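We did not get these values from a lab; they are worked out from the coordinates using the rules stated. Everything quoted here is computed from the prediction, not taken from an experiment. Every residue, glycine as well, gets a Cβ built from its backbone with ideal geometry; the counts of neighbours run over all protein chains shown.
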Amino acid sequence: MPGVLTLALTKGRILKETLPLLARAGIVPAEDIASSRKLVFDCTRPGVRLLVLRGTDVPTYVRHGAADLGVVGKDILLEQGADDLYEPLDLGIARCRLMTAAPVGWSPGVGRLRVATKFTTVARQFFADQGRHADFIKLYGAMELAPLMGLADVIVDIVDTGNTLKANGLEPLDLIADISTRLVVNKASMRSYPLEIEALVAELREALV
Ligand code: AMP
C-alpha cells in the first residue's frame, strides 16, 4: 500500500517480546493483538501497519513484498535461506541455540547417522561440513521423541534452558548456531522507501538499548 510500511510479526513467544520493543519505538497496535482474531493491525504510528503471522511465513511475505519488513527468528532464516533479504538488526529477542542432541551417553557408531529435525537444510549442511554421512528425517514437532522411539540416533533442535532435552533423557552435543530474532527488510522496499525504512530501523535500534 503506497505510503504505508507493512511490518510482519512472528506470533507466539517472539510477539510477546516484540510488542514492548515496538512500543518503545512509538509503534503500538490500535487494538489488542492478543485478544483479537484479526491478522492486520493499524497502529498509533501513522504510516505503519502490522501483520501477525507464523514465523515460517514471515520471510515469504517479505520476500514477495507483501510486507516491507519482518520480525523473525534466525533459525527460520538459516533454514529457508535469506540472502535475498536485508537483515539490518539483531533484536536480541528469544535467544536460544540450534544444537545437535542425543540420548545421554550415546556415541556415534561407524554407519550412517539418522538425524530427525525440523531444520533439515541446516542439519544437512552441518553434517556435510563435519564430513559425517547422515540421513535426515523431517519432523514438524516433538523432535525429542525420535531417539526415544528408535526413529533417529540424534536430533537437531532449538535449546534454551535444556530442560526439554533433559526431561527426555537427551543431552546437547554440538552447537550449530546461536539464534535470536532479526529484523528483515525487502530489498525493493528499501530502494522505494529508503528514508522511511532507515528511520524505522534507527528507532528500533534505539529502542533496543
Ligand atoms: P528448553 O527446554 O528451555 O531448552 O526449550 C526447548 C524447547 O522450547 C524447544 O524444543 C523449542 O521448541 C522451544 N524453544 C525454546 N526457545 C525457543 C525460541 N527462542 N524459539 C523457538 N522455540 C524455542
Original post:
In what sequence, highest mean first, do 83-95, 121-133 appear when ranked by Cβ atoms within 10 angstrom?
Top reply: 83-95, 121-133
Original post:
Out of every Cα-Cα pair in the range 147-209, what percent are more than 16 Å apart?
Top reply: 65 percent
Original post:
Between Arg191 and Gln125, how many nm apart are label points set 7 Å from Cα along the C-beta direction?
Top reply: 2.5 nm
Original post:
Just Gly55, Gly162, Gly109 to compare: in a GNM of the chain, with alpha carbon springs under 10 Å, which one fluctuates most?
Top reply: Gly109
**OP:** Once you have the Kirkwood Rh of the range 101-180 from its Cα pairs, apply Stokes-Einstein at 25 °C and 0.890 mPa s and quote D in µm²/s.
**Re:** 194 µm²/s
Original post:
Stretch Leu145-Ile158 to full length: gain in nm at 0.36 nm per residue minus the Cα-Cα span?
Top reply: 3.3 nm
**OP:** Kindly give Rg over Rh for the chain, based on alpha-carbon atoms, with the Kirkwood expression for the hydrodynamic radius.
**Re:** 1.04
**OP:** May I ask you to derive the relative contact order of the range 96-178, considering only C-alpha pairs under 8 Å and at least 6 residues apart, and to give it as an integer percent?
**Re:** 49 percent
Original post:
Within the chain, what is the number of lysine pairs with alpha carbons under 21 Å apart, leaving out pairs fewer than eight places apart on the same chain?
Top reply: 10
**OP:** Using Cα pairs closer than 8 Å and at least 6 residues apart in sequence, work out the relative contact order for the range 1-140, in percent.
**Re:** 22 percent
Original post:
Roughly what % of DSSP beta bridges within the chain run antiparallel, to the nearest 5?
Top reply: 60 percent
Original post:
Taking only DSSP H segments of four or more residues, each worth -39500 (n - 2.57), what value at 222 nm results for the chain once the sum is divided by all its residues, to the nearest 500 deg cm²/dmol?
Top reply: -8500 deg cm²/dmol
**OP:** Indicate, rounded to the nearest 5 percent, the antiparallel portion of the DSSP beta bridges found entirely in the range 96-178.
**Re:** 60 percent
Original post:
Across the range 42-58, in residue order, what do the Karplus-derived ³J(HN,Hα) couplings come to in whole Hz, using 6.51 cos²θ - 1.76 cosθ + 1.60 with θ = phi - 60° and x for Gly and Pro?
Top reply: 6, 9, 5, 8, x, x, 9, 10, 10, 10, 10, 10, 5, x, 5, 8, 4
Original post:
Pick from Arg182, Arg114, Arg63: which is most flexible by mean-square fluctuation in a GNM of the chain where alpha carbon atoms under 10 Å apart are linked?
Top reply: Arg114
Original post:
Once the Cβ-Cβ distance between Ala30 and Asp178 is put in as r, and R0 is 30 Å, what FRET efficiency do you end up with, to the nearest 0.05?
Top reply: 0.30
Original post:
Given R₀ = 25 Å, FRET efficiency for Ile137-Leu39 by Cβ-Cβ distance, to 0.05?
Top reply: 0.15
